[in-house]
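Readers should treat all values here as calculations from the given coordinates under stated rules, not as data from a laboratory. Just so you know, these numbers come straight off a predicted model, no measurement behind them. For neighbour counting, all protein chains shown are included, and Cβ atoms are generated from backbone atoms with ideal geometry for every residue, glycine included.
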Amino acid sequence: MKLLIRPDADSAAETVAVLVSAQLRGKPDSVLGLATGRTMERVYAALVREHRRGRLGFAGATSFNLDEYVGIAPEDPRSYRAFMDAHLFRHVDLPPHRRHLPDGMATDHAAEGARYEALIRAAGGIDLQLLGIGGTGHIGFNEPLSSFASRTRAVVLAPRTRQQNRGDFGGDADAVPPRAITMGVATIGESRRAVLLATGSAKAEILALAVEGPITASISATALQMHPDCLVIADEDAAGRLRGRSYYDHLARHDPELAMLSGDAGG
């Protein structure tokens, strides 16, 4: 695992966008694992700007989103499909038939999970997986006690997660679906590279536990400590509880990739 701390949320998101852009330029047919949520909005806005300037193309790429709510149709404005349409898909040339999300309306969740896993395998696996981190420490919707061997499946959302996501459901946590279909921890762990973005002081405690705490199924993000190529990008607020700050700053100065990213992002 590597960790890079950026001055603020905008520069952290720009750094992640630089990584995605470099991935696509180096391998135009990349398979991208995509995430949703407010943390990712800045990343997608930066990628859309690059595309509109003619500096970034998605035409050869394939995408797989991490998750979708159970019982929410793709055309529902609260769906993650609608989020992706609004923030990325409508604005870039990623072919519609290569934009994948779990089917929240599937009646057989086990079959839907197997279908999604098969699609990922058929595409050659995920080259670059974007991740946020939830208040419970989840990656995707892998809530506490998710097995590190888990695959795409239906899960029950934690009360804290439903509370955090209530903004998309009129402020009512009870209106947030209690279940979702999510890539599993093992599915995420098989990505060739994982990039986790954390911004804001509300993420400081859980980020410190994920990066510096013991590896535990109670915090699925701790599984990333075992990932062979994981990069965590955090802003100053999210990095506020990290105990190893002086070491991370040392790494950022002397690791060639981190030093380059700091420069590319204006640091």
Problem set entry | Options Arg179, Arg193; residue that is basic (Lys, Arg) and closer than 28 Å to Glu14 by Cβ | Arg193
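Those residues that are among the basic types (Lys, Arg) and under 13 Å from Arg179 (Cβ atoms), I need them from region 137-169; list them, please.
Answer for region 137-169, where residues must be among the basic types (Lys, Arg) and under 13 Å from Arg179 (Cβ atoms): Arg153, Arg162.
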Exercise. Hey, among the residues in region 225-253 that are buried (at least 23 other Cβ atoms within 10 Å of the Cβ) and among the aliphatic types (A, V, I, L, M), which one's farthest from Arg42 (Cα to Cα)?
Worked result: Ala239
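Collect the residues in region 59-70 that are out of contact with any Gly (no Cβ under 6 Å at 6 or more places or on another chain) and of a type outside the set (S, T, N, Q), keeping them in residue-number order. Let's see the steps before the verdict.
From region 59-70, those out of contact with any Gly (no Cβ under 6 Å at 6 or more places or on another chain) are 59-63, 65; that's our starting set.
Listed by number, the residues that qualify are Ala59, Gly60, Ala61.
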Exercise. What do you reckon, is Arg115 outside any loop (DSSP other than H, G, I, E, B) and either under 18 Å from the mean Cα position of the chain (by Cα) or under 19 Å from Leu34 (Cβ atoms) (or both)?
Worked result: yes
Exercise. Between a first residue in region 107-132 that is in contact (Cβ under 8 Å) with a residue 60 or more places away in the chain and a second residue that is among the hydrophobic types (A, V, I, L, M, F, W, C) and assigned to a loop (DSSP other than H, G, I, E, B), which pairs have beta carbons less than 6 Å apart while being 6 or more apart in sequence or on different chains?
Worked result: Glu112/Ala106; Leu130/Ala35; Leu131/Ala35; Leu131/Ile139; Gly132/Ala35
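Does Gly135 satisfy being assigned to a loop (DSSP other than H, G, I, E, B) and within 29 Å of Ser21 (Cα to Cα)? First the steps, then the outcome.
On the way: assigned to a loop (DSSP other than H, G, I, E, B): yes; within 29 Å of Ser21 (Cα to Cα): yes.
Yes.
How about region 211-225: which of its residues are in contact (Cβ under 8 Å) with a residue 40 or more places away in the chain and under 25 Å from Met260 (Cα atoms)?
Pass one, region 211-225, residues in contact (Cβ under 8 Å) with a residue 40 or more places away in the chain: 211, 217-225.
Within region 211-225, Val211, Leu224, Gln225 qualify.
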